[in-house]
1. Only one residue in GLU150, GLU105 is under 16 Å from LEU33 (Cα atoms) and among the charged types (D, E, K, R). Which one?
2. Answer yes if at least one residue in segment 96-114 is closer than 29 Å to ARG279 by Cα and either without any contact (Cβ under 8 Å) to a residue 40 or more places away in the chain or open to solvent by 40 Å² or more (accessible area, probe 1.4 Å) (or both), and no otherwise.
3. Among the listed residues ILE274, ILE295, ILE337, identify the single one that is open to solvent by 30 Å² or more (accessible area, probe 1.4 Å), of a type in the set (Val, Ile, Thr) and over 29 Å from ASN51 (Cα atoms).
4. If I ask for residues that are in a strand (DSSP E or B), more than 19 Å from GLU303 (Cβ to Cβ) and open to solvent by 30 Å² or more (accessible area, probe 1.4 Å), which ones from segment 343-365 would you list?
5. What tally of residues in segment 32-75 results from selecting those that are free of Cβ contacts under 8 Å to residues at least 24 places away in the same chain, open to solvent by less than 70 Å² (accessible area, probe 1.4 Å) and under 13 Å from VAL138 (Cβ atoms)?
6. At pLDDT 90 or above and aliphatic (A, V, I, L, M): does that describe VAL268?
7. Just name the residue that is nearest to GLY350 (Cα to Cα) out of those in segment 298-317 that are assigned to a loop (DSSP other than H, G, I, E, B) and open to solvent by 40 Å² or more (accessible area, probe 1.4 Å).
8. Write out, first by first residue and then by second, each pair whose Cβ atoms fall under 8 Å of each other, whose residues are 6+ apart or on separate chains, and whose first residue, in segment 258-285, is on the phi > 0 side of the Ramachandran plot while the second is in a helix (DSSP H, G or I) and surrounded by 11 or more Cβ atoms within 10 Å (Cβ to Cβ).
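The values are calculated or read from the model by the stated rules, or taken from the named source; none is laboratory data. Since we're looking at a predicted model, the values are computed, not measured. Glycine also receives a Cβ, built like all others from the backbone with ideal geometry; neighbour counts cover every protein chain displayed. SASA here: full protein model, heavy atoms, side chains in, ligands and nucleic acids out. Shrake-Rupley method; radii C 1.70, N 1.55, O 1.52, S 1.80 Å.
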Amino acid sequence: MSVNDHSNITILKEIAELLNEETDLIPMLKGALSKFLKGTNFETGWIFFINEKGKTELIAKENLPEALSYNNCHHLQKGGCWCVSRYRKNELKKASNIIECQRIEAAIESKTGDHANITHHATVPLQSGVERFGILNVASPNTSKFTEEELELLESVAFQMGSAIKRINLTKQEQEIALVRERNRLARDLHDSVNQLLFSVTLTARAGIEMSGTAEIKETFSEIQQLTQSALTEMRALIWQLRPKGLESGLIEAIKSYSEMLSIHLTVNVSGVIQFPSRVEETLFRIAQEALNNIRKHAGVQEAVIYITVTPTDILLVIKDEGRGFVIDNERSIPSIGLQSIQDRAAALGGSADWVSQIGKGTELLIRLPY
């Protein structure tokens, strides 16, 4: 066994240990890339995730020269390139040398910084079996072609990374399934216990009204009935949030059903094909839930309009009402916990939440999610 063989085995072992220990995807890939570069002749590298629609996302980078890191890696994240094109066409099967890289060329031509004599790179797909995740690119100064041994090492590391990505994704899926089961259990418990108790109090108050002989006692029972009915509506909304019925019939039907439960007349306008990944669909539903709850509690109206527009790159969700509106307190960045929740849910998927409101003229909420 040569010295290089022994060194390669050592670096692969160290990377495997890191990948097996780490449970957070992005730090895991950054750590593995850093360790790989330190233990080999490669000096810089970056990882793209590429989704089913071919959209690229730069999720890890190490030791980039100034020209490539300029303006938040502008040149790496814009334009086309051979490796991404081949990947999208499912033609990138193994580690390969790149003859020309348009992104590196654009960075050099822009003269926005030193490119450290990085002119070419090698590329390899990240995958586990038939499931593909993206590509790993590595480069070295004054190198236009890497050896077969270096490409084989690159393939081995990419295989380890792909397996680790698959493991973490499966773990997340298991956690999501467990979370759904726990939500369903809590929803059943609330329905079978607290919900039934509140319903019983409502019936008892109604009987008290009919049986009472004095106006004061009738009024007391009437207040109890109204308060209990409000609590019952809140409980049903909470159960809906834990276990949204109707999502199996589609996002639009689920939102409509929820608005009906809140006695809100909802007009829905859709543009584009409404077919989202389950996580995106649930996020949109939860945001709509929170918005409708805010309308019921604060707007003073029972009508709302929702617009859902799907573009090649974004999902736009607009929710409008013509209610009381509100004025944003300059000392508070976000006017309510409900709006904070909406903003957090959108941000979790890399999106944004904005709103416009004016006293007496209602509120308009705009959600944008990448697609």
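1. Only one candidate passes the filter, namely GLU150.
2. no
3. ILE337
4. Listed by number, the residues that qualify are SER352, ASP354.
5. 1
6. yes
7. Top of the filtered list is THR313.
8. Pairs that qualify, where the first residue is on the phi > 0 side of the Ramachandran plot and the partner is in a helix (DSSP H, G or I) and surrounded by 11 or more Cβ atoms within 10 Å (Cβ to Cβ), are SER263/ARG296.
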